[in-house]
1. Quick one: would you say residue 116 is in contact (Cβ under 8 Å) with a residue 40 or more places away in the chain and assigned to a helix (DSSP H, G or I)?
2. Would it be correct to say that residue 269 is within 24 Å of residue 318 (Cα to Cα) and either surrounded by 12 or more Cβ atoms within 10 Å (Cβ to Cβ) or not hydrophobic (A, V, I, L, M, F, W, C) (or both)?
3. How do the pairs read when you match residues in region 493-517 that are closer than 13 Å to residue 443 by Cα and open to solvent by less than 50 Å² (accessible area, probe 1.4 Å) with residues anywhere that are assigned to a loop (DSSP other than H, G, I, E, B) and at pLDDT 85 or above, using Cβ under 6 Å and keeping only pairs 6 or more apart or on different chains?
4. Which count do you get for residues in region 232-251 that are open to solvent by 90 Å² or more (accessible area, probe 1.4 Å), of a type in the set (A, V, I, L, M, F, W, C) and under 26 Å from residue 216 (Cα atoms)?
5. Condition first: β-branched (Val, Ile, Thr), under 30 Å from residue 181 (Cβ atoms) and open to solvent by less than 70 Å² (accessible area, probe 1.4 Å). Can you find one or more residues in region 10-21 that meet it?
6. Name the pairs whose Cβ atoms lie under 6 Å apart, with the first residue in region 37-66 and farther than 13 Å from residue 165 by Cα, the second open to solvent by 50 Å² or more (accessible area, probe 1.4 Å) and part of a helix (DSSP H, G or I), and 6 or more positions between them or separate chains?
Amino acid sequence: MFRFFENLVDPYVVYEEKDAPNQRLLPFLMDYARPFRGVFVVTAIFTTAVAMIEIGLIWYVGRLVDLLSNGTPAEIWAAHGTEFILAALAILFIRPVLSGIDVALLHNTIMPNFGALIRWRSHRHVLRQPVGWFENDFAGRIANRIMQTPPAAGDAVFQTFDAVAFAITSLIGSVALLSTADLRLVVPLVVWIVVYALLLRWTVKRVGPASTAASEARSAVTGRVVDSYTNIHSVKMFAHHDREIAYAGEVIETARKTVQTEMRLITKMDVALTMLNGCLIVAVTGLALWLWHQGEATIGLVAAATALVLRLNNMTYWIMWATSNLVQALGVVAEGMQTIAQPIALTDSPGAKPLEFHAGKIEIQSLSHHYGRGSGGLAKVDLTIRPGEKIGLVGRSGSGKSTLVKLLLRFYDAEGGRILIDGQDVSDVTQDSLRRRIGMVQQDSSLLHRSVRENILYGRPEATEAEMIEAARRAEAHDFILELTDPEGRRGYDAEVGERGVKLSGGQRQRVALARVILKEAPILVLDEATSALDSEVEAAIQETLYGVMEGKTVIAIAHRLSTIARMDRIVVLDNGRVAEEGSHVDLLAAGGLYARFWERQSGGFIGTEEDQEAAE
């Protein structure tokens, strides 16, 4: 039975991805709710039926009291025994079936699947955002919003059916029940409904912003706490435990104050509601007793009216809390939309086609990019890299080396100029096809919090075990991998490396990253200080491996240790975002320019910084 309800909606159903999701709350939720429309309609029907049965039971209590007041037990049983049996059977069988279906639709169909659908689609949407988008936010805050928005949306839907729809049906049924007995009994109920609606409006109007503020404060706490945990090595190394406590304490205190504001509103609402419900009980029950005293109402009516207002009394607290929870949930969703409803900042151009790779010729034409700041980055760079040519890229920090690589990978769209690969503008081909053709090893190669095997196979998931091991051998990683053991007892290639590869040394991480790129077998290779984390002995072995990997590929190698790129076909020197010099190592040394000064002044093979700056000027 459970499986039937659980499988009514497939949360992973194929859908049309939008580059710019709806920015308004209700349409945003309706987009996600589209696969659930039929289920929502059926749930509304059953919720209404269950609510009407509850009102019907109160009506039947009044009828039962009246019937029992008119005759002896034998006479009453003889006249109404069959009715009593049918009523009992309805309570024992029909009511549980209707209620069971209603509960199953809410708890087994909607709650797990609606949350899963939102989380799945939100994660897909966020993963499509460019690198720069992630660099402008906390990873912890992004993850927190991905995690908290789906259950909040599920709660909103649940409260809509379980509380709001049930409450509306109950109120309408209560008015109908009292009006059939005596219209005068409806007057205090209608007045109560109006005042209750005003109180509800007052509460929702204030709880909504308060809930949004509380949700944002919780996200801020998560962001700062995760930031501390992610950088725990820096925290410990600089002995800033107390500083981190204070840093988190600021937002924790802000979160506490936002919750205090929210709870004050709830307390005011609760006290006002208790007074309002007291007026309802006294008014309806008192009026029913007066009508009975005047001979215009039966004892059953008094009993039914009293039972009805007592039920409404209990239900109103639940409705108020449920409505407040609904608004709080919508506030959380609205806050989450600030992340998961943002338009995709960098998309494939209309009609983009996969990159058709031929030889690997790279043409950089008047390339400019300043990250919107008007300075820094690149300024009208022109450079042609021939198929299979190995280029060394040199320059001080901030000279534009990393910017050029990011634009080549299309992590950003260039502000001016263009990059062509085999005559195709990188902005006109699909991003995935472009990046599949480029292998890159960075100076700080973070790994996925997965096994060594999964990390290496990330380069080419369809590779065989033998191919993966061979890539590890070429990266001088196979021997140390076999000796790895994680806290769960997994060994070798099955051992997990921890978040960002923290359980491995810097050199081990670098070698696993190299193995991943070697396995990828991309025809264009980018090396950004690829051996900087390695000791001299391992670096020497890796250098020979890299030169072997470079064969037949177009290569761009960024380096501060100039000895690592001296054998390149050509060296390009960037300075202030422009190409200052280019040529072979020997030619540049003979020219006595910027590269020659770098070579002369480097200590241990690294380009200087301040001294070089002074020398260049």
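1. Numbers: in contact (Cβ under 8 Å) with a residue 40 or more places away in the chain: yes; assigned to a helix (DSSP H, G or I): yes.
Here the answer is yes, as residue 116 does meet what is asked.
2. Working: within 24 Å of residue 318 (Cα to Cα): yes; either surrounded by 12 or more Cβ atoms within 10 Å (Cβ to Cβ) or not hydrophobic (A, V, I, L, M, F, W, C) (or both): yes.
Judged against the criteria, residue 269 is a match.
3. Final answer for the pair search is 511/475; 511/476; 511/477; 512/477; 514/475.
4. Filtering region 232-251 for residues open to solvent by 90 Å² or more (accessible area, probe 1.4 Å) gives 233, 236-238, 241-243, 245, 250.
Still in the list and also of a type in the set (A, V, I, L, M, F, W, C): 237-238, 245.
Checking the rest, the ones that are also under 26 Å from residue 216 (Cα atoms) come to 245.
So the count comes out to 1.
5. As a first pass, look at region 10-21 and keep what is β-branched (Val, Ile, Thr): 13-14.
Then drop every residue that is not under 30 Å from residue 181 (Cβ atoms), which leaves none.
No, there is no match, as no residue in region 10-21 is β-branched (Val, Ile, Thr), under 30 Å from residue 181 (Cβ atoms) and open to solvent by less than 70 Å² (accessible area, probe 1.4 Å).
6. 53/95; 65/299
A quick yes/no check of all residues on (1) touching a Pro at 6+ places or on another chain (Cβ under 9 Å); (2) among the acidic types (Asp, Glu); (3) under 25 Å from residue 409 (Cα atoms):
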site	(1), (2), (3)
427	no, no, yes
434	yes, no, yes
442	no, no, yes
448	no, no, yes
456	no, no, yes
464	no, no, no
471	no, no, yes
483	no, yes, no
489	no, no, no
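For (1) surrounded by fewer than 19 Cβ atoms within 10 Å (Cβ to Cβ); (2) out of contact with any Gly (no Cβ under 8 Å at 6 or more places or on another chain); (3) in contact (Cβ under 8 Å) with a residue 12 or more places away in the chain, each residue gets a yes or a no:
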residue	(1), (2), (3)
143	yes, yes, yes
163	no, yes, yes
177	no, yes, yes
182	yes, yes, yes
186	no, yes, no
193	yes, yes, yes
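The values are calculated or read from the model by the stated rules, or taken from the named source; none is laboratory data. Keep in mind the model is a prediction, meaning the values are calculated, not measured. As a convention, Cβ positions derive from the backbone with ideal geometry for all residues, glycine included, and neighbour counts pool all protein chains shown. These accessible areas exclude ligands, DNA and RNA; they are computed on the full protein's heavy atoms, side chains included. Shrake-Rupley method; radii C 1.70, N 1.55, O 1.52, S 1.80 Å.
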